[in-house]
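Undergrad: The structure follows.
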Amino acid sequence: LLRGGAAGGYAEDGVLLEHITHYVEHPVPVDPPAEPPPPPPMPLPLTKKERKKLRTQRRLAAEKEKQDQIRCGLMAPPPPKIKISNLMQAMKNEAVADPSALEAKVRAEMAQRVKNHEERNLARKLTPAQRREKKRRKMLNDPSGGGTPVTLYRIHTVPNKQKLYKIDINAQQNHLTGLMLLADECNLVVVEGGPKAQRRYRKLLLHRIDWTDFGAADDEDDEDDEEEARRRAQSEVCQVVWEGLVVKPQFKNFRVEAARSSEGARKMLAERGCAHYWDMARTNGAEGVPDEDEDEDEDEDED
């Protein structure tokens, strides 16, 4: 701002006044060199009972505020909800003067309330695409957020085409990924997906699919014995080897593949980084997770 760049004096004739304006320069703020503050703690997920309690409290507070506004004259009171049952109590004089006209008016108001209710429901109704997306989101959603649930099933006998179709199509419909390996030593089913889809698929393999084929029984005693033998044989054919969580899924879809040997099956899983699944199925297949029905039968036998 000084003429000639001299810094010796500050006389008015030595100052460049044309460089002085009414603008104020604000320097860019720079954060001091320090560590960022720690992130805030994650809120704990509320239980179903706590969510219902908070919803009730919010609705009560909104209703109380509405009543206060009506009491202060800021809002018009809602019209009385007249029905056939309370017609005489609500409209005493008018009901006595012309009951037929008043009844017709009340019935028209009741029909209008029903119509408004159906219109509100229709406005909130989801489209078919939104319903499919909601169902898929519920299948894929994991509320715990700790990883991808994985379950290993070992099937001792080779399923027929009908059972193979059920295993394949139900995995696709439940949005599960994984692989079914058919080998001479054993058959392994690996499924990855949400907890709800896992529960549905577990019920399919352990309860819905009949892994035994017996003929028709002649009498009731043979039928009871056959049913008991069917339950025991079915629990031995399909077993849960392991279930847990992994960091990320290893498969993009569900497929059924046949392996010529045990080494070939292990190699297929090794390409996806999960060769230990086959080792667990071979070594721990007979030590699968016990079924709930089997535990109940054992307790009854002990009693």
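Undergrad: Magnitude of the Cβ-charge dipole of the stretch 33-182, K/R +1 and D/E -1, about the Cα centre, nearest 20 debye?
TA: 560
Undergrad: Let me ask something additional. Checking the table Lys52/Lys125; Lys81/Lys115; Lys81/Lys105; Lys53/Lys196; Lys163/Lys248; Lys163/Lys203 against a 18 Å threshold on Cα-Cα, which pairs fail?
TA: Numbers: Lys52/Lys125 23 Å; Lys81/Lys115 15 Å; Lys81/Lys105 12 Å; Lys53/Lys196 26 Å; Lys163/Lys248 29 Å; Lys163/Lys203 14 Å.
From Lys52/Lys125; Lys81/Lys115; Lys81/Lys105; Lys53/Lys196; Lys163/Lys248; Lys163/Lys203, over 18 Å: Lys52/Lys125; Lys53/Lys196; Lys163/Lys248.
Undergrad: Peptides 150-162, 126-138, 260-272: what's the order by average Cβ count within 10 Å, highest mean first?
TA: 150-162, 260-272, 126-138
Undergrad: Return the distance in nm (one decimal) between the two label points of a simple spin-label model at Ala97 and Leu245, each offset 7 Å from Cα along Cα→Cβ.
TA: 7.1
Undergrad: Tell me whether the stretch 40-122 comes out rounded, prolate or oblate; compute the Cα gyration tensor, take square roots of the eigenvalues as a ≥ b ≥ c, and use a/c under 1.5 as the rounded threshold. Let's see the in-between values first.
TA: On the way: a/c = 3.42, a/b = 2.21, b/c = 1.55.
The shape class here is prolate.
Undergrad: Rounded to the nearest 0.05, what FRET efficiency is calculated for Thr148 and Ala76 with R0 set to 45 Å and r the Cβ-Cβ distance?
TA: Using R0 = 45 Å, I get an efficiency of 0.25.
Undergrad: With every protein chain left in place, what is the accessible area per residue of the stretch 19-74 in square angstrom, probe 1.4 Å?
TA: Accessible area per residue, the stretch 19-74: 112 Å².
The values are calculated or read from the model by the stated rules, or taken from the named source; none is laboratory data. Note that the coordinates shown come from a computational prediction; the quantities given were computed from them, not determined experimentally. Note: ideal-geometry Cβ built from the backbone for every residue, glycine included; neighbour counts use all protein chains shown. Quick note on the areas: whole protein, heavy atoms, side chains included, nothing else; ligands and nucleic acids left out. Shrake-Rupley method; radii C 1.70, N 1.55, O 1.52, S 1.80 Å.
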